[in-house]
Amino acid sequence: MKIIKNPKELKIYLKKMPQSIGFVPTMGALHEGHISLIQKAKKENEFIVVSIFVNPTQFAKNEDLSKYPNDTLRDEKICEMSGVDVLFYPDAKDIYGEDEVSVLAPNVRGFVLEGYTRPSHFNGVLTVVMKLFNIVKPDRAYFGKKDAQQLHLIQLMVKQLFMDVSIIPVDTMRESDGLAMSSRNVYLSKIQREQSLKISSSLNLARGLISKNIYDAKKIKQQMRQYLEPLEVYYVEVLDREFHTIDSVEIGNTLILVEVKVGDTRLLDNIWL
Ligand code: AMP
């Protein structure tokens, strides 16, 4: 595996590659969720690029980016063992300059849910993904369904800006007790780890209601919120796959999304119905 830090060097290196390129962008602190993205990319492409970049522009001013978990050597080993061809590890100064051009998230879908409490978040995400795509020029790029809004906005960007890359969604990997894997789970104390189980169970509760033919979004949201008490809930939403609010679950075209705060940690999860 080759490790490249400089964007220009990576561009030159990849220009020589005749093969199809699969790309997995990450912020590091890799876990099995990330590995599942790499494995899917390996099945569908001849050459795999993984990036590790803790993108400063997607963090709000009050969020401490320097505290984001990182373990460079461990991440390198995981990539090597997963059969990654190039690990791209840029410095922020090589990605961003002064007085920058940036991508703007759509006015509605970029500023609800995650974007409601973190209004600059998706501008930062879309801008860095655009930069990374322009550096790597992948045929296919892999994103987790766990970050459903991020996935949707990237799909929108690619479609609306007529970009030449296929966005491939990947199912959420979970711990054996149901908690969605996340780099942020390391922040949880033992008690918080137990409390966080309510997130996936609240989604199971929604599934249970739907299996009893309760499709009313208001009822489902109410019961989930009640179940999630006393956790601080950022949102519980029932949306269609285009991220529009719906009154009633429609199987095949519905997402139920939840985000809560456990201690100081934001944890999100969702189900695709
Ligand atoms: P992150 O490093 O958290 O920015 O995540 C990098 C990519 O991995 C994103 O596309 C995430 O949606 C995806 N991802 C994170 N956690 C999981 C998980 N538990 N299962 C599948 N994909 C995940």
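The values are calculated or read from the model by the stated rules, or taken from the named source; none is laboratory data. Remember, it's a predicted structure, so these values are computed and weren't measured experimentally. Positions of Cβ are backbone-derived with ideal geometry, glycine not excepted, and every protein chain shown enters the neighbour counts. Surface accessibility is based on the protein's heavy atoms, side chains included, excluding ligands, DNA and RNA. Shrake-Rupley method; radii C 1.70, N 1.55, O 1.52, S 1.80 Å.
Counting only helices (runs of 4 or more DSSP H) that sit wholly inside the range 1-120, those with at least 1 residues that are within 22 Å of L161 (Cβ to Cβ), in the same structural domain as L153 (by TED's automatic domain parsing) and hydrophobic (A, V, I, L, M, F, W, C) are 7-15, 92-95.
Just one of the numbered conditions (1) part of a helix (DSSP H, G or I); (2) more than 15 Å from the ligand (Cβ to nearest atom); (3) under 18 Å from L255 (Cβ atoms) is not true of Q155: (2). Looking only at residues in the range 114-171 that are among the acidic types (D, E) and farther than 20 Å from R241 by Cβ, the one that is surrounded by the most Cβ atoms within 10 Å (Cβ to Cβ) is D139.
Given the structure, is I38 open to solvent by less than 10 Å² (accessible area, probe 1.4 Å) and away from the ligand (no atom under 11 Å from the Cβ)? No; evaluated as a whole, the condition is false for this residue. Selection over the range 172-190 of residues that are open to solvent by less than 30 Å² (accessible area, probe 1.4 Å) and either within 13 Å of the ligand (Cβ to nearest atom) or within 20 Å of V136 (Cα to Cα) (or both) gives a count of 7.
Exactly one residue out of F143, F162 is of a type in the set (F, W, Y), in contact (Cβ under 8 Å) with a residue 12 or more places away in the chain and in the same structural domain as T117 (by TED's automatic domain parsing): that is F143. Scanning the range 107-140 for residues that are of a type in the set (S, T, N, Q) and in contact (Cβ under 8 Å) with a residue 12 or more places away in the chain turns up T117, S120, N123, T127.
Among the residues of the range 241-273, those that are assigned to a loop (DSSP other than H, G, I, E, B), under 18 Å from R109 (Cα atoms) and not aliphatic (A, V, I, L, M) comprise R241, E242, F243, H244, D247, N253.
Table: residues versus (1) open to solvent by 30 Å² or more (accessible area, probe 1.4 Å); (2) more than 12 Å from the ligand (Cβ to nearest atom).
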residue: L10; (1), (2): no, yes
residue: Q19; (1), (2): yes, yes
residue: P25; (1), (2): no, no
residue: G28; (1), (2): no, no
residue: G33; (1), (2): no, no
residue: V49; (1), (2): no, yes
residue: V54; (1), (2): yes, no
residue: T57; (1), (2): yes, yes
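Applying the condition of being of a type outside the set (D, E, K, R) and in contact with a strand residue (DSSP E or B) (Cβ under 6 Å, 6 or more places away or on another chain) to the range 229-244 and asking which residue is surrounded by the most Cβ atoms within 10 Å (Cβ to Cβ) yields V238.
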